[in-house]
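Q: My questions all concern the structure below.
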Amino acid sequence: MERLKSVITATGSFLPEEIVNNSAFLSHSFLQKDGEAVAGPNQRIIEKFQQITGIHERRYAKQKQTASDLAVLAAKDALESSDTDPESLDYIIVAHNFGNVRYGSNRTDIVPSIASRVKYGLQLKNPDCIGYDLIFGCPGWLQGLIQADYYIRSGDAKRCLVIGTETLSRVIDQHDRDSMIYADGAGAVLVEAAENGEAGIICHRAQTFASEHAPLLTMDKSYDPADQSRDMFIKMNGRALYEFALNNVPQLVKQTLDKAGVPISEVKKVLIHQANEKMDQAILERLFQLYDIPTLPEGIMPMTIGSLGNSSVATIPTLLDLILKKKVGEQSIVPGDKVVFASVGAGMNINALLYQF
């Protein structure tokens, strides 16, 4: 019998309905870490932000929605598009970083786990369907896909649902310019075991650089000195994170391709975590420079960050779903295409996966 392969058989996503344009931040009071005001008018601050990140709008969840609600909606989209019996699932792996954070609060609620809430939301009765959460920074969804591949190749599972969901709008400091980056959303994929055919996961790699770089993304108090609450907000060292990603992600992607024995010329798309347009562009350029290729192939890096923002673990599965459903301009993926997934985020964690459709 041939070695089992892990094949993506369906995708789904949920885009929150509330669209927040950059103009919504014109009235904000942006402060630096020391509490001093950021120099210049907000219009200029926002224009510079858009030039760097590419973001002109993002999506926020409705007030009554939580991360588990978004995850259920993305899961239903994937399951219904494949006409799959949910009771046949062996694993539900849900990647997130903050659990359910209710509107008006930034307190994390992960009891029960988000995966258990998803299983409850889908009303699945099969006790052999195991649901668990995965916290791995922004690369969490991709790491969940890697774990699903291990389950399938070991023979432990035949069908896994891997979800990335986040409501980052609930954990941002309104006085921090970086708050404009973050967004809400959810994406899901159904992964199944297959014995024949070329399609499926080819190989993957992951690394954690915690000893030196764990503090690049943390939780800390508001930049507003008047805020004496115990609330904690997501904070990042943007410049150091940029350099970290540029120095490590291209190397990891190359290691993944080398492990598979696949030349970069065979890669049709690179679906990278939608963190920052300028950074993602630089990462891909550095990757192709490792192969002595000075310019990027046209259309190789689809982007949705401009209109959807950075929804952490949800960006890659959402991007994949939208491409496969012909909702990202002229972008498409056809059978036989080799596609690289890659991500970087808190931990600091990075990962990459090579897949053939």
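Q: Provide a single number: the residues in region 260-286 that are farther than 29 Å from Lys48 by Cβ, of a type outside the set (A, V, I, L, M, F, W, C) and in contact (Cβ under 8 Å) with a residue 60 or more places away in the chain.
A: Of the residues in region 260-286, 3 are farther than 29 Å from Lys48 by Cβ, of a type outside the set (A, V, I, L, M, F, W, C) and in contact (Cβ under 8 Å) with a residue 60 or more places away in the chain.
Q: Shifting gears a bit: Hey, any hits in region 165-180 for a residue that's acidic (Asp, Glu), over 30 Å from Ile52 (Cα atoms) and in a loop (DSSP other than H, G, I, E, B)?
A: Checked region 165-180: no residue is acidic (Asp, Glu), over 30 Å from Ile52 (Cα atoms) and in a loop (DSSP other than H, G, I, E, B).
Q: What is the residue count in region 96-125 for residues that are in a helix (DSSP H, G or I) and surrounded by fewer than 22 Cβ atoms within 10 Å (Cβ to Cβ)?
A: Residues flagged as in a helix (DSSP H, G or I) and surrounded by fewer than 22 Cβ atoms within 10 Å (Cβ to Cβ) within region 96-125 amount to 4.
Q: Could you please find all residues in region 323-354 being assigned to a loop (DSSP other than H, G, I, E, B), in contact with a helix residue (DSSP H, G or I) (Cβ under 7 Å, 6 or more places away or on another chain) and of a type in the set (Val, Ile, Thr)?
A: Val328, Ile333
Q: Let me ask another. What pairs can you find where one residue is in region 164-176 and in the same structural domain as Pro139 (by TED's automatic domain parsing), the other is modelled with pLDDT of 95 or more and of a type in the set (D, E, K, R), and their Cβ atoms are less than 6 Å apart, with a gap of 6+ or different chains?
A: Listed pairs, sorted by first residue: Thr167/Asp184; Ser169/Asp184.
Q: I'd like to know if region 130-141 contains one or more residues that are assigned to a strand (DSSP E or B), at pLDDT 95 or above and either of a type in the set (Phe, Trp, Tyr) or assigned by TED's automatic domain parsing to the domain that holds Ala260 (or both).
A: yes
Q: I'd like to verify a number: residues in region 325-349 that are loosely packed, with under 14 Cβ neighbours inside 10 Å and acidic (Asp, Glu), how many?
A: 1
Q: Right, next: Considering only region 3-57, how many residues are surrounded by fewer than 19 Cβ atoms within 10 Å (Cβ to Cβ), more than 25 Å from the chain's Cα centre (by Cα) and assigned to a strand (DSSP E or B)?
A: Of the residues in that region, 1 qualify.
Q: Taking only region 38-68 into account, find how many residues are charged (D, E, K, R) and without any contact (Cβ under 8 Å) to a residue 40 or more places away in the chain.
A: Going through region 38-68 one residue at a time, the tally reaches 4.
The values are calculated or read from the model by the stated rules, or taken from the named source; none is laboratory data. Keep in mind that what you see is a predicted model, and the values were worked out from it rather than measured. Don't worry about glycine lacking a Cβ; one is built from the backbone with ideal geometry, like all the others, and counts go over all protein chains shown.
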